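Data block below; observations after.
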Number of protein chains: 4
Amino acid sequence: MSKFQSKDPDFERKIRNRLSGQHFMHLMGFDLTNIKAGEVTGEMDLAQKHLQQYGFVHGGVTATILDITMGFAAYSLMPLGKGVVTANISVDYLNPGSGDKIIAIGEVEKPGSKMVFCTGKVYTEKDGVLTLIASARSVMAVIDAAIDL
Amino acid sequence: MSKFQSKDPDFERKIRNRLSGQHFMHLMGFDLTNIKAGEVTGEMDLAQKHLQQYGFVHGGVTATILDITMGFAAYSLMPLGKGVVTANISVDYLNPGSGDKIIAIGEVEKPGSKMVFCTGKVYTEKDGVLTLIASARSVMAVIDAAIDL
Amino acid sequence: MSKFQSKDPDFERKIRNRLSGQHFMHLMGFDLTNIKAGEVTGEMDLAQKHLQQYGFVHGGVTATILDITMGFAAYSLMPLGKGVVTANISVDYLNPGSGDKIIAIGEVEKPGSKMVFCTGKVYTEKDGVLTLIASARSVMAVIDAAIDL
Amino acid sequence: MSKFQSKDPDFERKIRNRLSGQHFMHLMGFDLTNIKAGEVTGEMDLAQKHLQQYGFVHGGVTATILDITMGFAAYSLMPLGKGVVTANISVDYLNPGSGDKIIAIGEVEKPGSKMVFCTGKVYTEKDGVLTLIASARSVMAVIDAAIDL
């Protein structure tokens, strides 16, 4: 059960339809696994392409999957004809990331008609053990989005 | 001329050697074009793989190239045996990004022995005209880095 | 019960001794009401001096009491001889603040030997009803603090 | 000469009229010294009331005068009937602050009809020498402000 109610009962289908245009998400190999009103989770298997020179998950990977899950969490609450774009994202990197899998969870903290405030968390999973590697906040700006597929 | 002096006169070669391990940077197609003490610039041609569902540059692309250029700007000032990792990055998205090319500039604002404060800017270029699409700040933490290639 | 254990069993007394030097906190009239390892709460009655021109709590008041409670939450986990200073604070203003009382809670999310990551929340209380008006994150830098009173 | 043009030619008077309601600003003793379209400067003499327990300027003081100068810089560009409130402020503390005087400069980086992006800097002055102690960014949300005095 989500703490929010979407203004669009068909929000999950609307988000799934949007994913085909998420080219950078596909380049990374990330996918959404759980879409609720105001809370979106996604994950991917970690591979060499996601790493930086110390052998850990690239900070850009972490920021990207936070942006995606927080953005879709905000979008899940939008009425038809409205979309969101990121105005500000702030990411704290708590631990170096390594493991088999990476998981991001984006949540709406405070929805609004002009701005939506979100929080996000990223975990890596190794041998079934989760480690919190980043924690974030974002301000999403509500825009008119002509096309709701 | 840079406003900073590196503690390692060979800093440009040290950074170039690090780039081979920047797998996520290579996946995107980004490369560094100008390395000065405390200021690093990079760019890439924009392609469909960098976009989100509205046809603009993905916020994760922008955050990633900011993280890379600010991180290497901080690293350029490190003495041998020291590296940096991102503690916090905060990105403001000023304009939607589109065009032929994307350019990121990372600069050190305040170096320190434990933390380095940086600023960054991202521009898109279309028909020779630059548009500032994002502006950022980051806190880089200084770490012991056993291997200086 | 706190999820953290302090390295200094006498941390509450140590923090109380520090408060006499918190001149700006006293100017505002804020005081700490609950000190646990890694979690510090404080509050004050709201008065005209805390307001801005729209009649709401000044954003600077909110940022200040977040900085104080997150700072002392980090400090509560420090061993003797170590202190903390704020490296970065990022505050999201979720709702305009008004009411009889304002309450801030600072919590450690991830302690470390060089940096401590914290989160904070601010509520206003009116007729017994709490409203979340701000949510924040901070990066605290660990410093050598000669004087532990 | 400012790089911006205000939509309200009388913006300086409008800001001066607002200051009487800035109760928390008056409690601190801060005042605006230079008001241009998109750029506002203010200062105050430092006194014991502005300090924290290490004898340096309180982080809350710094955050407050950044919020004030960035907020009024954004407000200076607003048309009649519009105001601004802070959505997000992120402050990096570069150096400990001490001296005779503290000076804050807020500037608009990118104005917009829904959001205004700003940057800010704080300096302390001692014996005529300026030290940059903090650097900040903020996202200001444009609101309908019934009363333009």
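Computed from the coordinates by the stated procedures, all read-outs in this text should not be read as laboratory data. These numbers come from a predicted model, not from an experiment. Note: ideal-geometry Cβ built from the backbone for every residue, glycine included; neighbour counts use all protein chains shown.
Distant-in-sequence amide contacts of D:Ser2, defined by a placed amide H-H separation under 5 Å and a gap of 5 or more residues or a different chain, comprise nothing. In order along segment D:16-33, the phi-based Karplus estimate (6.51 cos²θ - 1.76 cosθ + 1.60, θ = phi - 60°) of 3J(HN,Hα) comes to 4, 5, 6, 5, 4, x, 7, 4, 5, 4, 5, 4, 6, x, 7, 9, 7, 10 Hz; Gly and Pro are listed as x.
Shape of segment D:1-81 from the C-alpha gyration tensor: prolate (a/c of 1.5 or more and a/b above b/c, with a ≥ b ≥ c the square roots of its eigenvalues). Each Lys or Arg adds one and each Asp or Glu subtracts one; over the other residues with Cβ under 14 Å from the Cβ of D:Gly42, this totals -3. Each part reduced to its alpha carbon centroid, segment A:92-145 and segment C:71-99 end up 21 Å apart. Sites listed here are trypsin sites (Lys or Arg not before Pro) in segment D:1-44 whose DSSP assignment is loop and whose Cβ has at most 14 other Cβ atoms within 10 Å: D:Lys3, D:Lys7. The count of lysine pairs in segment A:11-144 whose Cα atoms are under 15 Å apart, excluding pairs fewer than 8 places apart on the same chain, comes to 6. Computed on segment C:49-133, with alpha-carbon pairs under 8 angstrom and 6+ residues apart, the relative contact order is 29 percent. Copy C relates to copy A by a rotation, and the C residue whose beta-carbon is nearest that axis, with the distance in whole angstrom, is C:Ser90, 2. Principal-axis analysis of the Cα atoms of chain C puts helix C:59-75 at an angle of about 20° to the longest axis.
Magnitude of the charge dipole for the protein assembly as shown, about its Cα centre and with charges confined to Cβ atoms of Lys, Arg (+1) and Asp, Glu (-1), is about 0 debye. Based on the reciprocal of the average 1/r between different C-alpha atoms, the Kirkwood radius for chain B equals 15.4 Å. Label separation (A:Phe4 vs D:Ser2): 3.5 nm, computed from points 7 Å beyond Cα along the C-beta direction.
Phi angles of segment D:119-136 translate, via the Karplus equation with coefficients 6.51, -1.76, 1.60 and θ = phi - 60°, into HN-Hα couplings of 10, x, 9, 10, 10, 9, 10, 9, 6, x, 9, 8, 10, 6, 9, 7, 9, 9 Hz per residue; Gly and Pro are given as x. Measuring spread by the Cα atoms of the protein assembly as shown yields a radius of gyration and Dmax of 23.0, 65 Å. For chain D, averaging the sequence separation of C-alpha pairs within contact (under 8 Å, six or more residues apart) and dividing by the residue count gives a relative contact order of 25 percent.
Of all aspartates and glutamates in the structure, the ones whose alpha carbon falls short of 17 Å from that of C:Lys7, not counting any fewer than 8 places away in one chain, are C:Glu39, C:Glu107, C:Glu109, C:Asp144, C:Asp148. Here the spin labels are modelled as points 7 Å beyond Cα on the Cα-Cβ line, and at D:Asp100 and B:His26 they lie 5.8 nm apart. Helical content of chain A, expressed as a calculated mean residue ellipticity at 222 nm, amounts to -6000 deg cm²/dmol (DSSP H runs of 4 or more residues, -39,500 (n - 2.57) each, divided by residue number, nearest 500).
Residue by residue along C:130-137, Cβ atoms of other protein chains within 10 Å of the local Cβ number 3 on average.
Here's how it looks for C:Ile133: its modeled amide H is under 5 Å from those of C:Val122, C:Tyr123, C:Thr124, which are all 5 or more places away or on a different chain. A cut-off of 5 Å between modelled amide H atoms, ignoring neighbours fewer than 5 places along the same chain, links C:Ala87 with C:Val139, C:Met140, C:Ala141. Estimated at 0.36 nm per residue, the fully extended path between A:Lys114 and A:Asn34 surpasses their Cα-Cα distance by 26.3 nm. Taken over segment D:74-149, the alpha-carbon convex hull comes to 101 cubic angstrom per residue. Under the criterion of Cα pairs below 8 Å and six or more residues apart, the relative contact order for segment B:1-41 equals 57 percent.
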